[in-house]
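Have a look at the structure below, then the notes.
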Amino acid sequence: MEGNGGNGGRVYVGNLDKSAKRAKQLVMGKLRMGKAVDWATAFSLWPVHLTTSCCGCEFAATWSPRFDAEQHGALPWVGARQTNMILIEGTVTKKMACAVRVTWEQMPSPKFAIAMGACAIDGGIFYNSYNIVRPWEIIPVDVYIPGCPPRPEAVARAIIELQRKIRKQRVASKWIEEGWRPDREYVKPKEDPCSWWRG
Amino acid sequence: MSLDQARRIVEEALSGIEYRVDEGKGFIEFIVAKENLVEAASRLKKAGFDHVKSLTVVDYKAEDKFKIVYHASSYLNEDLAKVIVGIGTEVPRSNPKVPTLVYVWRSVEFQEREVFEFFGIEFEDHPDLRLLLLAPQVAEKKPLRKDFIVKEEPIIRTKPPTG
Amino acid sequence: MSVWVYGEQKSELGLEGTITRKLEEDLYEVFIGPQHPGSGHMRIIVRIDGDIIVEADPDMGYVHRTMEKLSEGREWIKNVPLFERMAIHDACNVTVSYVMALERILGIEPPPRAKYLRTLLCEINRIAAHLYGFGIFGVFIGHSTMYMWSFADREVMVELAEKLTGARLTHSYPIPGGARRDMPQDFPQAARKAVRYFRRRLDEYRKIFLDNPVTRKRLEGVGIIPKKIAAELGVVGPVARASGIKYDARLAEPYDAYDEVEFEVPVYEEGDALARAWVKFEEIKQSLRIIEQAVDWLEKHPREAPIHERFWAKAPPLWKKVFEAEGRVKLLPLMANLKLPPGRAMARSETARGEIVYYVESDGKTTPYRVRIVSPSARNAIVFKYIAPGYKVMDLPTIYGSIDYFPPEADR
Ligand code: SF4
């Protein structure tokens, strides 16, 4: 039997499961493809279009021609399903918390979060408001950007920091290997952020 | 047009209705009884005040009352546009119910919904009295009432540097 | 009427997914937002028949940060940065009327120099905010050139504001009795250069955006608000002026230096999305005029502390030294403990999106008794409910973008 391989006319049929496992090992381990995964993820961090508060002004300016954050491989995209980063722009209100969580769950892993602005750190100017939640109560945050609002350069810097984190700590490839973020306990909100919605 | 002139116009329009005048800086308010509110508002609208700028509710806890004032002004009459005239009423805190003015001024529809959730004031006959801004759990607390207290961090005051 | 729940799969949280209900006959309920392709933090629940909107119900409050309540616990002066967060891309315009209300209660008038400085910043902000609006509008209707251009050119105005106040967006510039600082020496040249640049540039904007046949097809005849209905709904700003209502808070109750500078208020009769874009476009031109006049005035007149002498007289010597050396007015220490006499005041100012009204009540303490804010976006939100029905779902972004709705401002 003449085969494509020209190797004496034999057809190789192996155990698919085994081959898949080996392929995974090759990709993730020996051939240092894990690095490639991290490298690729780091340079295609696409934030989802979810504007939570007034920091959105500077968020929009970050992708404007003057600051051009697209040069770091990040491009805000409309659908949550095609993105892998969420950039929380400032305050998250109780109503918005539900939207943030739902959007976060819709995004495919490996996914990352940046929290922008003083409000996202600990409430900022609205620290004692009765209608806000801290973003870290809802989703796990990788990088915080201080400022009120942070300058666009700071946002671009945060993207670079996140890239560094992904590549140094190999976050993305480990995530694929182990199925979850090994470097942190998976953040689950203590109470359901959508409870208001279902009443 | 000055506030005095506007006052005369409104006084003329409100003839026959009992009212009290409350003056502020930059506006003037006419407080009527709850029963006369709709009538007074429609007369005001006939006089040319065609939209409401602000539905202002203040909680006077010490006096046990809510003051509900519709601050109206005009778009189509350029003279009246220069003044802000309020028409309002006062209700006890225990039974906050007023007739709605949606059918007089459409522009208050969303503002009445807002007041409903923040103060728990019910607008009778409002076509669509639902929550607007708040989640139900938060709206239960009626956050803008004075008995809902938000704590502030104390400020540490120091003397300004001299020299 | 029956209820279906789609999305059996449970997420980590046990969220049930989106709930769609089949309504009577062929109506469907579509939840748009708060995560949607444009920018903006609001959900609109629309019921559609085919692709015609039958009913639209704006579900606001995603950015309600309780400013009215928080302000009751904070000192008068601290509320300036607080209220500024309503619309940080238009910071001076939204806070100037709060400050005016305080000045009315105090019974003082800022010195003319402060008035001109505030007017200057207000107009710089207005242009920046209009360009921001244009940019977001571009995102909404898929015109990315518009987004790129306006956000690039907006930086010119943001730079100018930064030169004047030291902050890109959150200037906290007006304070009761005056303004925070005088302009730097080289500001007039920079301002004139920016004005020249914009004059040239605006022509290109007209060509690529307003006269572009593609945009015109999408904007013309969409979201028409007739004059009577506009007045009845109480819409403000460019939305009202595009419907033939000649109302501008700067005309109705001139504040700051607006009774001394020359400008026109563009009014269009058509009332559709295109007219609203034209109003904004023409307003940018008028703002350029005002900037020029304000800069001329400021250059001609000698420098003085841009703050009411009643406050300035009490300033410690160090403050005066700093002012003489750098032309900078440090925030006076007495502002922190500012006590207002009991009284009530209302003030309005024209922001880029329309008129903002403050009702301020003081009971003689260092904090307000009540501050009521009615922002332009809050008043324009009613447009969704009454104007959107009858148009196609694809026109909703156009309507949304054209009224320049800014949720943090609407929700406060
Ligand atoms: S950090 Fe400042 S600018 Fe950002 S959302 Fe909070 S208040 Fe707004």
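Rule-based calculations on the coordinates, nothing more; no lab input. Bear in mind the structure is a predicted one, so any value in this text is a computation, not a measurement. Glycine also receives a Cβ, built like all others from the backbone with ideal geometry; neighbour counts cover every protein chain displayed.
When you filter the chymotrypsin sites (Phe, Trp or Tyr not before Pro) in segment C:189-238 for DSSP loop state and at most 10 other Cβ atoms inside 10 Å of their Cβ, nothing is left. For chain C, what relative contact order do you get, as a whole percent, if you take Cα pairs closer than 8 Å and at least 6 residues apart? Relative contact order for chain C comes out at 24 percent. Each Lys and Arg Cβ is given +1 and each Asp and Glu Cβ -1; about its Cα centre, segment B:3-139 then shows a dipole of about 140 debye. The listed peptides C:330-339, B:112-121, ordered by packing as a protection proxy, come out as B:112-121, C:330-339 (highest mean of other Cβ atoms within 10 Å first).
Name the residue farthest towards the positive end of the dipole of the protein assembly as shown from the options B:Pro136, B:Asn36, A:Thr52, assuming +1 on Cβ of Lys and Arg, -1 on Cβ of Asp and Glu, about the Cα centre. My answer, from the dipole projection, is A:Thr52. Distance from the C-alpha centroid of segment A:64-131 to that of segment B:44-71: 39 Å, rounded to the whole angstrom.
Among the residues of B:71-81, the average count of other protein chain beta-carbon atoms within 10 Å of the residue beta-carbon is 5.
The listed peptides C:183-196, C:96-109, ordered by packing as a protection proxy, come out as C:96-109, C:183-196 (highest mean of other Cβ atoms within 10 Å first). Comparing Cα centroids, segment C:313-336 and segment B:97-143 end up 46 angstrom apart.
Extending 7 Å from Cα along the Cβ direction at B:Lys34 and again at A:Lys18 yields two label points whose distance is 8.5 nm.
Peptide C:96-105 has a mean of 1 when you count, residue by residue, the C-beta atoms of other protein chains within 10 Å of its C-beta. For segment C:29-93 versus segment C:357-412, the spacing of their alpha-carbon centroids is 7 Å. For segment C:264-412, the gyration tensor built on C-alpha atoms gives an oblate shape. Its axis ratio a/c (a ≥ b ≥ c) is at least 1.5, and a/b is not larger than b/c. Across peptide C:249-255, the mean count of Cβ atoms from other chains lying within 10 Å of each residue's own Cβ comes to 3. Loop-located GluC sites (Glu not before Pro) in segment C:303-350 (DSSP state other than H, G, I, E, B) with a sparse environment of at most 14 neighbouring Cβ atoms within 10 Å: C:Glu304. Placing unit charges on the Cβ atoms only, positive for Lys and Arg and negative for Asp and Glu, gives chain C a dipole magnitude near 1320 debye about its Cα centre.
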